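K.L.:
Sharing a structure with you now.
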Amino acid sequence: MDKLVSIITPAYNCEEFIEETIDSVLNQTYQNWEMIIIDDCSTDKTSVLVNKYSLEDSRIKLVSLNKNGGVSNARNIGLSKAQGSFVAFLDSDDIWAKNKLENQISFMEKNDYYITYSSYAKFITTTQDVKSVISVPHKMEKNDILKNTIIGCLTVIINVEEVGSIEMPNISHAEDQCTWINVLERGYVAYGINEVLAYYRINSTSLSGNKIEAAKKQWTVYRKYHHFSILKSLYYYFYYAINVLKR
């Protein structure tokens, strides 16, 4: 029997896209999953739409928060309620290919991999209008992630039955990469499947601004989260910048 996959989806004022996101999970060829959607005190119809789905399919579970706590807090609440052998992440405006879970879980089980990721495509309006494809390396260790933030959160699946429980640090922009590093520090290697299994929605009006903000925050990650020296931070930042430009 297929093992249960817990899908963690933080949601905040996403009424425009949440149904498309949920539908991409409902359409999965791998059907043994639970989707935990954490509504982070939305002020639109997000919770109403999710509740409609949850009433129709018990695998979809709505968790409504009374206070907005941010994406890391929402994901951690979802993780604390997860029952699956695997956990996966999907934000409320992104989309999965229908064979995402089947292909990636098979990839993990055949090779005894415990944390994996995949290539993904960036789009604005529809997945038929892809703006770019992020192709991923076969494997990444801790130092690789410090140099290259290529792993998309929407592509990651972790076998928590093997690696143990996980919790995302409350650090803006980099909570996901810091989580992967924390897992790898337990003695694991992350492996990639170079197949587009997910679609990341981008905002065409703020692409350059997002890159600049991300660059600033990445420096903060090195200095304040990892407590690297200025010299060591510069070393990793050099590779980080090169890899961002390559994309």
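The values are calculated or read from the model by the stated rules, or taken from the named source; none is laboratory data. Fair warning: this is a prediction, and the values are worked out from it, not measured in the lab. Cβ atoms come from the backbone with ideal geometry, glycine included; neighbour counts cover every protein chain shown. We work out accessible area using only protein heavy atoms, side chains counted, and drop any ligands, DNA or RNA first. Shrake-Rupley method; radii C 1.70, N 1.55, O 1.52, S 1.80 Å.
K.L.:
Scan the stretch 66-75 and give yes if some residue there is modelled with pLDDT of 95 or more, within 29 Å of Tyr113 (Cβ to Cβ) and of a type outside the set (S, T, N, Q), otherwise no.
P.N.:
Yes, there is a match, as at least one residue in the stretch 66-75 is modelled with pLDDT of 95 or more, within 29 Å of Tyr113 (Cβ to Cβ) and of a type outside the set (S, T, N, Q).
K.L.:
Among the listed residues Glu141, Glu162, identify the single one that is open to solvent by 30 Å² or more (accessible area, probe 1.4 Å), closer than 23 Å to Asn76 by Cβ, without any contact (Cβ under 8 Å) to a residue 60 or more places away in the chain and more than 16 Å from the chain's Cα centre (by Cα).
P.N.:
On the way: Glu141 fails: closer than 23 Å to Asn76 by Cβ.
On inspection, the qualifying residue turns out to be Glu162.
K.L.:
Please find, within the stretch 105-125, the residue that is modelled with the lowest pLDDT out of those that are open to solvent by 50 Å² or more (accessible area, probe 1.4 Å) and hydroxyl-bearing (Ser, Thr, Tyr).
P.N.:
Looking at the filtered set, the residue picked out is Thr125.
K.L.:
Further, regarding this structure: Return yes when Met1 is in a loop (DSSP other than H, G, I, E, B) and either within 14 Å of the chain's Cα centre (by Cα) or within 22 Å of Asn159 (Cβ to Cβ) (or both) and no when it is not.
P.N.:
The answer is yes for Met1.
K.L.:
Next question. What's the number of the only condition in (1) of a type in the set (Gly, Ala, Ser); (2) at pLDDT 95 or above; (3) closer than 12 Å to Ile145 by Cα that Ala174 fails to meet?
P.N.:
That leaves (2) as the condition not met.
K.L.:
Please indicate, with yes or no, whether at least one residue in the stretch 200-207 is more than 22 Å from Ser135 (Cβ to Cβ), open to solvent by 30 Å² or more (accessible area, probe 1.4 Å) and part of a helix (DSSP H, G or I).
P.N.:
No, there is no match, as no residue in the stretch 200-207 is more than 22 Å from Ser135 (Cβ to Cβ), open to solvent by 30 Å² or more (accessible area, probe 1.4 Å) and part of a helix (DSSP H, G or I).
K.L.:
Please go through the stretch 167-178 and pick out each residue that is among the hydrophobic types (A, V, I, L, M, F, W, C) and open to solvent by 20 Å² or more (accessible area, probe 1.4 Å).
P.N.:
Selection gives Ile171 alone.
K.L.:
Taking the stretch 212-242, which residues are in a helix (DSSP H, G or I), exposed (fewer than 13 other Cβ atoms within 10 Å of the Cβ) and small (Gly, Ala, Ser)?
P.N.:
Selection gives nothing.
K.L.:
Then there's this: Read through the list (1) surrounded by 13 or more Cβ atoms within 10 Å (Cβ to Cβ); (2) in a strand (DSSP E or B); (3) hydroxyl-bearing (Ser, Thr, Tyr), then give the number of the only condition that Thr149 fails.
P.N.:
(2)
K.L.:
Could you say whether any residue in the stretch 209-220 is within 28 Å of His138 (Cβ to Cβ), under 19 Å from the mean Cα position of the chain (by Cα) and without any contact (Cβ under 8 Å) to a residue 12 or more places away in the chain?
P.N.:
Taking every residue of the stretch 209-220 in turn, at least one turns out to be within 28 Å of His138 (Cβ to Cβ), under 19 Å from the mean Cα position of the chain (by Cα) and without any contact (Cβ under 8 Å) to a residue 12 or more places away in the chain.
K.L.:
Here are Ile158, Ile166, Ile230, Ile181: which of them is of a type in the set (A, V, I, L, M, F, W, C) and over 16 Å from Thr116 (Cβ atoms)?
P.N.:
Ile230
K.L.:
Is there a residue being closer than 22 Å to Ile151 by Cα, among the aliphatic types (A, V, I, L, M) and touching a residue at least 24 places away in the same chain (Cβ under 8 Å) anywhere in the stretch 53-64?
P.N.:
Within the stretch 53-64, not a single residue is closer than 22 Å to Ile151 by Cα, among the aliphatic types (A, V, I, L, M) and touching a residue at least 24 places away in the same chain (Cβ under 8 Å).
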